[in-house]
Amino acid sequence: MSPVTEASVLEALRRVNDPELHKDLVSLGMVEAIVVEDRRVGLRINLTTPACPLKGQIEREIQAALRAIGAEEVEVEFKAQVRPAQTTAISGVKYIVAVASGKGGVGKSTVSANLAVALALEGAKVGLLDADIYGPSQAQMFGVQAERIRVNESKQMLPLERHGIKLLSIANLIPPGQAMIWRGPILHGTIKQFLSEVAWGELDYLIVDLPPGTGDVQLSLAQLAKLSGAVIVTTPQDVARIDAERALDGFKKVQVPILGVVENMSWLEQGGSRIHLFGQGGGRRMAEAHKTAFLGEIPLAVAVREGGDAGVPVVIGAPDSAEAQALRGIARNLAGQLSVQSYLFLPMT
Ligand SMILES: Nc1ncnc2c1ncn2[C@@H]1O[C@H](COP(=O)(O)OP(=O)(O)OP(=O)(O)O)[C@@H](O)[C@H]1O
């Protein structure tokens with residue numbers, strides 16, 4: 001068999017495609033380093049997100065391609081650099097992702113909190129903005145109700161830091177228990193402040209928890225933030241799904257890309273069998289009908305609710321549970337969708 005060389009390794013890697021981007025690793029500029037010693041090969045591959053859902057598959061295909069040219073030992077080190085598709089309205093923030101629902105109470109805030117923490121667990125820099133100004137729940141979900149937001153010397157608000165993410169919630173700005181009445185111009189101004197007067201720093205992903213429905217906040221945010229996209233949360237139930245479809249259409253009308261659908265409260269595990277309390281398959285059908293990705297489904301589980309109440313999202317509080325694993329998978333799928341989007345803007349090679 002002919003010797004293994006850097007050139008033959010590079011040639012072999014031209015035959016390994018990123019399964020999501022449908023292009024080979026070399027054209028995508030993902031091969032950062034190749035070291036060859038006899039028939040041992042070391043590689044460094046730079047992925048588009050630390051949360052890459054297909055890392056395992058890519059590694060298997062690399063191993064197969066290099067063994068086919070005579071490599072006997074292959075070591076792959078993965079690095080990741082999140083590459084933005086287009087600029088967002090906040091300099092230093094690569095992606096701004098809105099999490100929305102049609103109906104209230106479907107678990108939008110729970111999903112936002114867990115997605116943010118799950119992306120951080122994969123190694124990304126993440127912020128979470130609680131823009132659900134009518135019912136902010138992120139301060140509770142992160143156990144920071146008593147804390148107040150401070151400003152720095154440039155008069156920028158300093159987000160709180162908890163469970164590896166930066167967090168800003170309206171609940172930490174207004175006195176506890178006080179209700180706010182939001183009128184159009186004030187609301188628009190507040191959303192603008194959330195985007196321009198906060199020291200977010202460098203972030204790969206800023207997750208925005210929106211109020212349910214398709215009102216002024218959604219519109220202001222879509223106009224002001226240059227959103228990278230929206231994730232729609234629904235339950236399998238028809239009433240939730242119909243409202244969720246309305247939210248989805250609302251985003252499409254203001255040219256915000258839909259990144260996918262998440263179905264929450266999909267089933268309840270009891271005595272080893274699944275009870276589909278709210279019906280079955282509604283989220284997947286909705287994603288198919290709108291030609292968008294189905295990002296995943298989350299069971300109804302006590303640990304999810306307890307985590308939210310205790311200020312410790314379930315992906316940290318019960319990391320091995322099926323529900324935590326489901327949420328981590330959804331976070332990886334979301335990151336994958338954003339990577340695909342970033343490559344749609346690259347010139348063809
Ligand atoms: N998969 C789940 N299993 C168990 N409980 C859940 C699940 N998802 C959400 N919950 C619980 O349901 C309640 C509502 O969830 P959440 O506040 O996230 O919904 P929401 O859609 O953001 O609501 P709102 O419209 O009021 O903002 C919370 O008590 C939460 O802990």
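Every number in this text was worked out from the coordinates using simple rules, so none of it is lab data. Only a predicted model underlies this, so the values are computations on that prediction, with no experimental measurement involved. Neighbour counts run over all protein chains shown; Cβ positions are idealised from the backbone, glycine included.
The peptide list 90-96, 158-164, 114-120, put in order of mean Cβ contacts within 10 Å with the highest first, becomes 114-120, 90-96, 158-164.
Restricting the calculation to Cα atoms, the stretch 12-154 shows an Rg/Rh of 1.12 when the hydrodynamic-style radius is the Kirkwood one.
Amide H to amide H, with H built 1.01 Å from N, L47 comes under 5 Å of K79, A80, Q81, counting only residues 5 or more places away or on other chains.
If you take the square roots of the eigenvalues of the alpha-carbon gyration tensor of the stretch 189-337 and sort them as a ≥ b ≥ c, do you get rounded (a/c under 1.5), prolate (a/b over b/c) or oblate? Oblate, since a/c reaches 1.5 and b/c is not below a/b. When peptides 3-9, 49-55 are ranked by their average number of other Cβ atoms within 10 Å per residue, the highest-first order is 49-55, 3-9. Rounded to 0.05, the FRET efficiency of the Q270 and S2 pair, given R0 = 41 Å and the Cβ-Cβ distance, is 0.10.
Per-residue extension of 0.36 nm, minus the Cα-Cα distance of Y134 and A199, leaves a gain of 21.1 nm for this segment. The label point for K79 and the one for A33, both projected 7 Å from the Cα toward the Cβ, are 0.7 nm apart. For the chain, a crude dipole built from +1 on the beta carbon of Lys and Arg and -1 on the beta carbon of Asp and Glu, taken about the Cα centre, is about 840 debye to the nearest 20.
Taking all Cα pairs closer than 8 Å and separated by 6 or more residues, the relative contact order of the stretch 239-317 comes to 30 percent. Summarised as an ellipsoid, the chain has semi-axes of 38, 23, 19 Å, derived from the eigenvalues of the Cα gyration tensor scaled by 5 and square-rooted, with the largest first. The alpha-carbon of K252 sits under 25 angstrom from the alpha-carbons of these lysines, leaving out residues fewer than 8 places away in its chain: K94, K103, K108, K192, K226, K291.
As a length-normalised measure over Cα pairs under 8 Å and 6 or more apart, the relative contact order of the stretch 83-131 settles at 19 percent. Extending 7 Å from the Cα toward the beta-carbon at both R40 and D309 defines two label points whose distance is 5.5 nm.
At q = 0.14, 0.21, 0.27 Å⁻¹, what log₁₀ I(q)/I(0) does a Debye calculation on the Cα points of the stretch 6-80 give, no solvent, two decimals? Each listed q corresponds, in turn, to -0.37, -0.85, -1.45. Considering only T190, G329, P299, and ranking their Cα positions along the charge dipole of the stretch 93-344 that arises from unit charges at the beta-carbon of Lys, Arg, Asp and Glu, the one farthest toward the positive end is T190. Of the residues A247, A64, A199, the one that moves most in a GNM of the chain with alpha-carbon contacts below 10 Å is A64. The residue among A64, P19, I34 whose Cα reaches farthest toward the positive pole of the charge dipole of the stretch 6-80, with charges on the beta-carbon of Lys, Arg, Asp and Glu, is P19. If only the Cβ of Lys and Arg carry +1 and only the Cβ of Asp and Glu carry -1, the dipole of the stretch 6-80 around its Cα centre is close to 180 debye.
Annotation: peptides 292-299, 187-194, ranked by per-residue average of other Cβ atoms within 10 Å with the highest first, follow the order 292-299, 187-194. Our estimate of slack between E11 and Q223, defined as 0.36 nm per intervening residue step minus the Cα-Cα distance, is 71.8 nm.
For the stretch 94-127 versus the stretch 206-231, the inter-centroid distance based on Cα atoms is 13 Å. Taking every alpha-carbon pair under 8 Å whose residues sit at least 6 apart, the chain reaches a relative contact order of 20 percent.
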